[in-house]
1. In the set A:Ala119, A:Ala125, which member is part of a helix (DSSP H, G or I), in contact (Cβ under 8 Å) with a residue 60 or more places away in the chain and either out of contact with any helix residue (DSSP H, G or I) (no Cβ under 8 Å at 6 or more places or on another chain) or hydroxyl-bearing (Ser, Thr, Tyr) (or both)?
2. Search the stretch B:408-435 for residues being among the hydrophobic types (A, V, I, L, M, F, W, C) and under 22 Å from the mean Cα position of the chain (by Cα), and hand back the single one that is modelled with the lowest pLDDT.
3. Name the single residue, out of those in the stretch B:104-157 being within 35 Å of the chain's Cα centre (by Cα) and at positive phi, that is surrounded by the most Cβ atoms within 10 Å (Cβ to Cβ).
4. So, of the residues in the stretch B:158-192 that are β-branched (Val, Ile, Thr) and free of Cβ contacts under 8 Å to residues at least 60 places away in the same chain, which turns out to be surrounded by the most Cβ atoms within 10 Å (Cβ to Cβ)?
5. Against the condition assigned to a loop (DSSP other than H, G, I, E, B) and under 21 Å from the mean Cα position of the chain (by Cα), how does B:Val603 come out, does it pass?
6. Do you know which residues across the stretch A:115-134 are crowded, with 23+ Cβ neighbours inside 10 Å and more than 8 Å from chain B (Cβ to nearest Cβ)?
7. Tally the residues that are under 21 Å from the mean Cα position of the chain (by Cα) and not charged (D, E, K, R), restricting the search to the stretch B:625-643.
8. For the stretch B:345-389, give me each residue that is crowded, with 18+ Cβ neighbours inside 10 Å, among the hydrophobic types (A, V, I, L, M, F, W, C) and part of a helix (DSSP H, G or I).
Amino acid sequence: MSLEPSQALPRAATQLRVNGTVHPISLDRDRSLLYVLREELGLTGTKYGCGEGECGACKVLIDGVAVRSCVTPVGEVVGRSITTIEGLAEGDRLHPVQQAFIDEGAFQCGFCTPGMILASVSLLARNPRPSEGEIRAAMDGNLCRCGGYLRIFQAIRRAAQLPEKVDGGAP
Amino acid sequence: MSAREGVRPFDLLTPAERDYFGRFGNGLVVVLPAQRPSTSDWGRGGPPHGGAWIHVGQDGKVRAFTGKVEVGQGTRTALSLLVAEELRLPISLVELTMGDTDVCPWDMGTYGSRSMPDAAQHLRLTGAATRNVLVEIAAAQLGVPPGDVELSEGRAQSKGPRGAKPIGYGDLVRGLRRLETVPTSTQPIPPPEWTRAGHPMVDIGSREVVTGARQYTSDLHPPGMLHGKVLFAPSYGSKLLRVDLSRAQALPGVTVVREGDFVGVAAPDPPTAQAAVKALRADWETSPQPSEKDIVDYLRQHPAEGEDFWDVLHHKSGDVDAALASAPISLHETYTTAYIAHVPLETHAVLASWEGERLTVAMGSQTPFPARDALADALGLHESNVHIVVPPTGAGFGGKHAAELAMAAARLAKASGRPVRIVYTREEEFTHAYFRPMSVIDVRSGAGKDGGITAWEFHNLNGGSAAARLPYRVANQKIDNQSTDSPLPQGPYRALAATANNFARESHMDELAARVGADPVEYRLRHLADDRLAAVLRAVAARAGWVPRTGSTAHFRDGRGRGIAVGLEKGGRVATFAEVRVGSDRRLEVLHLVTGLECGAIVHPSNLRNQVAGGTVMAIGGALFEAIHFEHGRILNPKLSEYPVPRFHDVPPIDVILLDRPDLPSQGAGETPLIAVAPAIANAIFDATGQRLRSLPLVPEGTVP
């Protein structure tokens, strides 16, 4: 939930395509995508962490690419395909990145996890076998205050079917 | 939770008065009353609290209850595993309720690494006693002596090849309403015999985490819910003189409440709530507040009487003044640590709703029972009319102990007649929570010609006493701490005083070692009075490939340096090794860390490893760059873009070494892994450059000054 000040902007009805479903929304073009997802569509898997694009807890996929929904005006994504953490699994079958996060135990409080997973999915979609440096660079916009980076790193490598490393390997 | 007549929290009743069977159905209930906190040589005492109860239902499920909460540290799985262990059944049949004030035992709070030494022990005892009663019931039903009953996978059967058909626990307790108390003679299963605990385990609820289905407090949205917001003072020490509510009240759907100094609003959506707070016209009287640049002098000049909430330590042995006066080698240094913020990724969140006179609050809290008592007190309610539940929480780190936000939501919910949720913005989280206290630590030491330490004087100002005691043999000691009138709000924090005191002590040990020409590892081992800590230090030094040295070796190593530090806290023993490089541009790079921990018998190894690695990462932030900046009562960096916390690029390879001691009681591990990181890095910087840094954060700008 981005807490931007209320603006008496004109509202127009429009539609947003999220997780393959088209939702009617009342559009303030400047309202953040995060706000619309959480407060209007009830998709609370996408988290508010900072509201200024620093933590990555609010990341979603827009046409397959991870973006920070708290700094994305909803007007910019009308007509695009939005995937939130709720839409990543196919029915009961988890996405390989989701499964890898479970297999590696790659979370503690779990609050950063949706954003971490979507950032990882986005990375692997454009770079299926990332190097250590590429993982680090791609994930640097996602914060885990519990400090779970080693496990997250391992989960990404596991999802990419790269060789396993013990704790201490990287980053 | 309905407000029906007669809802009475279990902790306020005697066991016989509690309606266990009405709420959870027929079956067997075994109760362990509140206990004194277990004693460990370095643990902290306190009043009786905790205890546990377990209900075995006709559905074959085992419901266990503890007052502790899960805020990301992994105790839900660890504690469930111990119940499954004692009751010999799959963990999927264990349902653990944590911190629900209607049905859980009273607990002082989830802090101080007490979940393993207290809650785990209480659940093991209760589980063992429950197992014994199940054996007795099974023996009667199977027609065999209790010694011939075997429990396995949630079923009882008689031992041997002619065993009758197994009976599930649900069938064993069918039709019963039996209440037992844990006998004092009860013996839990010893850790070396564990078959579930101590083995790898996937955390409970993992699937919900990775699919976004896990609902945190900030995700809850009951029908008709309003969004609350509090009017905050513009700076610390401000007093509200007058406020005009009329413009805010005129906004559609907005409720405004003023009670004393509290002013808050509730609105149908967050932007309107924000607009309503902006529409409040408040006049404040500010008072002069000290700024960061003067803070050390200010704290020295403002000692506070009384013990407030820190442990106060006054430890003395021998004659430290005489020993210092006669020591051929002496050192006197001051170390400081900054105020830092918890930065839980989920900010403070509460949801309050009323049903008649009964208040229910869902909140991310580490202290639900004290919060209930504080709310009842503030709102003039009986404790029975306040119900706190703790949904999954986006971490706490000691930062979620307060009840003020719950009171705000409760008042707004009462006035509006609707559920009210308040979620702090990140800026509110930085500005209106509380901080890890700053420490100013003076250390004076003396050593003989052989390097042996003869005198140790250690004084912590403002930061508390944890881990201030020496793990080293020194004949003459004076160790104490002093509270102050801190200008910033301060409170609990993961490993707060231990981090500061350990930084000062382990830096100073390194300074002494360099001064007397001793190797830092050998010098510590020479003085260590604790074999368990020595074992951890040896293990870490071995893994790191420690090469003995004397003094700084900067000139050998092209900017590379290596440091080591140890710590003893909350019953655990830790050592950290750090290797750093200081570039020609003075940029600091941490190349490698090794953290070794011994905390008794390991219950949930995968989670423990995660805690140790995570704690090490969190400690990097406080060691290198985290600091709250303040001036005239205002926080200058209340944003993540201005207050950096560790990211992927800050994290070097980290080796985690766990030393399992199944012969020793399990201790908490959420805090101890943090405390040796900062001194290990500071000692490595000294090795690399010959420069000694005595203030945390060590390199706020990223470079060694």
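The values are calculated or read from the model by the stated rules, or taken from the named source; none is laboratory data. For clarity, every value in this text was computed on a predicted model and none was experimentally measured. Don't worry about glycine lacking a Cβ; one is built from the backbone with ideal geometry, like all the others, and counts go over all protein chains shown.
1. Values: A:Ala119 fails: either out of contact with any helix residue (DSSP H, G or I) (no Cβ under 8 Å at 6 or more places or on another chain) or hydroxyl-bearing (Ser, Thr, Tyr) (or both).
None of the other options fit; the residue is A:Ala125.
2. As a first pass, look at the stretch B:408-435 and keep what is among the hydrophobic types (A, V, I, L, M, F, W, C): B:408-410, B:412-413, B:415, B:420, B:422-423, B:430, B:433, B:435.
Imposing the further condition that a residue be under 22 Å from the mean Cα position of the chain (by Cα) reduces the set to B:423, B:430, B:433, B:435.
Details: B:Val423: 98, B:Phe430: 97, B:Ala433: 89, B:Phe435: 97.
Only one residue fits best here, namely B:Ala433.
3. Ranking the qualifying residues of the stretch B:104-157, first place goes to B:Ser113.
4. Step one: of the stretch B:158-192, the residues β-branched (Val, Ile, Thr) are B:167, B:173, B:181-182, B:184, B:186, B:189.
If we keep only those that are free of Cβ contacts under 8 Å to residues at least 60 places away in the same chain too, we end up with B:167, B:184.
Numbers: B:Ile167: 19, B:Thr184: 6.
Ranking the qualifying residues of the stretch B:158-192, first place goes to B:Ile167.
5. Working: assigned to a loop (DSSP other than H, G, I, E, B): yes; under 21 Å from the mean Cα position of the chain (by Cα): yes.
The answer is yes for B:Val603.
6. Just the residues of the stretch A:115-134 that are crowded, with 23+ Cβ neighbours inside 10 Å, to begin with: A:115-121.
Residues satisfying the conditions are A:Gly115, A:Met116, A:Leu118, A:Ala119, A:Ser120, A:Val121.
7. Keep residues of the stretch B:625-643 that are under 21 Å from the mean Cα position of the chain (by Cα), which gives B:626-628.
Applying the additional criterion that residues be not charged (D, E, K, R) yields B:627-628.
The total comes to 2.
8. Within the stretch B:345-389, B:Phe369, B:Ala371, B:Leu375 meet the criteria.
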